[in-house]
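Presented below is the structure to which this report refers.
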Amino acid sequence: MSDDYLPFHPNPRKPSYRPPEGAVDAHCHVFGPAARFPFAPERKYTPCDAPKEKLFALRDFLGFSRNVIVQATCHGRDNSALVDAIETAGSRARGVAIVGPDVTDAELDRLDEAGVRAVRFNFLRRLVDAAPREDFAAIAARVAKRGWHVVVYFEAGQLAELAGFLATLPCPVVIDHMGRPDVRAGVEGAAFQDFLRFLDAHPAMWVKVSCPERLTVQGPPYDDVVPFARALVERFGDRVLWGTDWPHPNMRSHMPDDGELVDMIPRIAVTEAARQALLVDNPMRLYWPEEVAP
Ligand code: 0GY
């Protein structure tokens with residue numbers, strides 16, 4: 001296990017861009033504190049502690065109202081830190097959990113009660129060991145019945161092998177970090193065009209326009225990532241989500257300034273209507289449908 005990760009930015013700048021009222025950071029994490037919520041023995045990296053209080057302070061500082069907190073592999077299937085955070089936040093947070101095929105209905109009930117609305121399937125070999133597709137399919141069938149959805153994390157090169165499987169899932173599917181394109185190939189490159197066609201063909205697929213810091217070759221201010229996010233927002237405006245990815249686990253190249261990430265938003269969603277959908281209407285529909293008028 002490697003631990004040469006960077007700590008999160010200690011002092012992000014105040015963004016110039018002010019998100020609309022009710023904006024949702026739809027991809028962020030809580031880690032530890034390890035003394036209370038130990039990391040998973042099978043983890044591939046050990047993050048810094050990133051407790052709920054810090055996340056909620058950042059939410060307020062950046063001008064957001066709500067969080068969708070996503071379970072990361074370093075906590076494995078122990079969703080305790082996630083549940084503790086979303087219970088503290090009440091209606092201001094929802095959760096995405098990691099569960100195994102042996103999860104009990106009672107545990108799913110407990111997660112639902114706490115505010116979990118999705119499960120995450122991670123296909124990155126550097127983060128998790130391979131798991132049988134049948135396990136994922138069985139979990140998806142059970143959570144779909146509860147009105148939950150599935151969040152998936154894979155890299156662009158894995159789309160061809162995963163596309164058929166993803167299309168069979170009986171619920172909305174949210175794809176993390178734009179499907180991790182290789183930005184050197186450009187928006188017109190074959191792989192990203194395949195990804196756009198895949199989204200065109202499958203209206204139940206959503207996508208997060210997040211994580212420029214992991215995709216960039218040039219570094220901040222992430223000019224090389226903007227065209228990818230913008231293409232997705234322009235084409236799939238009613239099924240895109242945005243998130244900080246705070247505290248940016250497992251980053252080794254550089255640590256982004258979260259204020260700078262927020263200031264990217266008007267470059268990727270260039271109209272007020274697009275930003276309202278990206279930051280408020282879309283995440284509310286997916287994570288707080290009970291608050292959205294039909
Ligand atoms: C992210 C990205 C990463 C880590 C995880 O679950 C995880 O450990 O998703 C990564 O290393 O790319 O979304 O936090």
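Worth pointing out:
- Checking each residue in region 172-188 for being away from the ligand (no atom under 14 Å from the Cβ) and in contact with a Ser or Thr (Cβ under 8 Å, 6 or more places away or on another chain) picks out only Val183.
- Considering region 76-111, the residues that are out of contact with any helix residue (DSSP H, G or I) (no Cβ under 9 Å at 6 or more places or on another chain) and part of a helix (DSSP H, G or I) include one that is nearest to Trp148 (Cα to Cα), namely Asp109.
- For first residues located in region 26-48 and over 18 Å from Asp245 (Cα atoms) and without any contact (Cβ under 8 Å) to a residue 12 or more places away in the chain, partners that are surrounded by fewer than 16 Cβ atoms within 10 Å (Cβ to Cβ) and hydroxyl-bearing (Ser, Thr, Tyr) and lie 6+ apart or on another chain with Cβ distances below 8 Å do not occur.
- Pairs meeting the criteria (first residue in region 250-265 and at pLDDT 90 or above, second residue of a type in the set (D, E, K, R) and within 16 Å of the ligand (Cβ to nearest atom), beta carbons under 6 Å, at least 6 apart or on different chains) are Pro256/Glu213.
- Filtering Ala191, Ala204 for residues that are in contact with a Cys (Cβ under 9 Å, 6 or more places away or on another chain), more than 14 Å from the ligand (Cβ to nearest atom) and either among the aromatic types (Phe, Trp, Tyr) or under 28 Å from Ala140 (Cβ atoms) (or both) leaves a single hit, Ala204.
- Total residues in region 143-162, condition surrounded by fewer than 17 Cβ atoms within 10 Å (Cβ to Cβ) and more than 16 Å from the ligand (Cβ to nearest atom): 6
- Filter result for the condition that a residue is away from the ligand (no atom under 16 Å from the Cβ), within 25 Å of Phe61 (Cα to Cα) and in contact with a Pro (Cβ under 6 Å, 6 or more places away or on another chain), over Asp257, Asp281: Asp257
- Failed item, numbered, when Glu21 is tested on (1) over 24 Å from Val240 (Cα atoms); (2) away from the ligand (no atom under 12 Å from the Cβ); (3) loosely packed, with under 15 Cβ neighbours inside 10 Å; (4) touching a residue at least 24 places away in the same chain (Cβ under 8 Å): (1)
- When Arg117, Arg133, Arg146 are screened for being among the basic types (Lys, Arg), touching a strand residue (DSSP E or B) at 6+ places or on another chain (Cβ under 6 Å) and farther than 30 Å from Asp224 by Cα, only Arg117 passes.
- Taking each residue of region 109-135 that is touching a residue at least 60 places away in the same chain (Cβ under 8 Å) and closer than 18 Å to Pro172 by Cα and looking for partners that are of a type in the set (Asp, Glu) and in a strand (DSSP E or B) with beta-carbon atoms closer than 8 Å, six or more apart or interchain, yields nothing.
- Looking at Asp224, Asp176, just one residue is at pLDDT 95 or above, under 24 Å from Ile98 (Cα atoms), surrounded by 15 or more Cβ atoms within 10 Å (Cβ to Cβ) and acidic (Asp, Glu), and that residue is Asp176.
- Restricted to helices (runs of 4 or more DSSP H) entirely inside region 169-260, those with at least 2 residues that are more than 23 Å from Arg125 (Cα to Cα) are 190-201, 226-235.
- Hey, Val270 surrounded by fewer than 20 Cβ atoms within 10 Å (Cβ to Cβ), within 30 Å of Pro294 (Cα to Cα) and touching a Gly at 6+ places or on another chain (Cβ under 7 Å) or not: no
The values are calculated or read from the model by the stated rules, or taken from the named source; none is laboratory data. Predicted model only: the values in this text are computed from it and were never measured. Heads up, the Cβs are rebuilt from the backbone with ideal geometry, glycines too, and the neighbour counts pull from every protein chain shown.
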